[in-house]
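Since every read-out is calculated from the coordinates, none of them should be taken as a lab result. In this text the structure is predicted, and so the values were computed from the model without any measurement. Here the Cβ positions follow ideal geometry from the backbone for every residue, glycine too, while neighbour counts run over all protein chains shown.
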Amino acid sequence: MQTYSVEDYVADIRAVVAEETTEAAISERIKPLSKRLAADKMWFEDTYREIDAKQGFGLHLLHEEDNHDLAVFVISWAPGKGLAAHNHKTWAVVTGIEGQEHETNYRRLDDCSRPGFAALEKSHEATLFPGDAVCCMPEDIHSVWNNGTELAVSLHTYGRHLNHTGRSMFDVAEKSEMPCVVKVEE
């Protein structure tokens, strides 16, 4: 059986992006490719399980284009840790590799006209297990939390590197919005 490498995955994504015109079509076509890479694991290194103690998760960059488009990460989540409600400002495909991570989706209720303000309500919740994959659009808002007792590891593919999109983090209770920048291991 032929292995499927990160390099193969990136080449396939480039082809998809060149052929498709919508973010929804791009992410849906990448979803089975992401599941294939997550299942293969010949490329996976133990260091991808490392966590940044301050963040409660570790972002491990596998690939990024020179212009910051197309970024592929492995993210490891400590048990009981995660990232508060946030958007990506780019399309995304997330596939579970190990453990489980709980995703809560939110609907934005305000019109985005007040800087620093955001009114959100929960719209959907689901837990992602190994082999499961989900797609996110640029303005989708969700939180991610490792609701298991073991480390959770997932493959994340984005149309643009997360720290170069101008994305936001949200405090649902305080109805606030602030910039979201995360520490990345290269």
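Structural remarks
- Protection proxy ranking, peptides 95-105, 47-57, 135-145, average beta carbon neighbours within 10 Å, highest first: 95-105, 135-145, 47-57
- Residue exposure sequence - Thr3, Thr165 - by fewest surrounding Cβ within 10 Å: Thr3, Thr165
- Between amide H atoms placed 1.01 Å from N, distances below 5 Å from Arg167 occur with Cys180, all of them 5 or more places distant or on a separate chain.
- Ordered by the count of other Cβ atoms within 10 Å of each Cβ, fewest first, Tyr158, Tyr4 give Tyr4, Tyr158.
- Amide H contacts of Gly99 (H built 1.01 Å from N, in plane; Pro and chain starts excluded): Val153 sit under 5 Å, all sequence-distant by 5 or more or on other chains.
- Between Asp46 and Thr149, the modelled label-to-label distance comes to 2.4 nm, taking each label 7 Å out from Cα in the direction of the beta carbon.
- Fewest-first ranking of Lys183, Lys35, using other Cβ atoms within 10 Å as the exposure measure: Lys183, Lys35
- Potential extension, Glu125-Gln2 segment - 0.36 nm per residue separation minus Cα distance: 40.7 nm
- Total formal charge among the other residues, if their Cβ is under 9 angstrom from that of Asp52, Lys/Arg +1 and Asp/Glu -1: 0
- Arg107 sits among other residues whose Cβ lies under 10 Å from its own Cβ, and their net charge, with Lys and Arg +1 and Asp and Glu -1, is 0.
- For segment 1-108, a/c is not less than 1.5, where a ≥ b ≥ c are the root eigenvalues of the C-alpha gyration tensor, and a/b does not top b/c. That puts it in the oblate class.
- Placing +1 on each Lys and Arg Cβ and -1 on each Asp and Glu Cβ, with no other charges, gives segment 1-102 a dipole about its Cα centre of roughly 420 debye.
- A Förster radius of 22 Å combined with the Cβ-Cβ distance from Met137 to Glu65 puts the calculated FRET efficiency at roughly 0.65.
- Cβ-Cβ FRET estimate between Ala53 and Ser176, R0 fixed at 25 Å, reported to 0.05: 0.45
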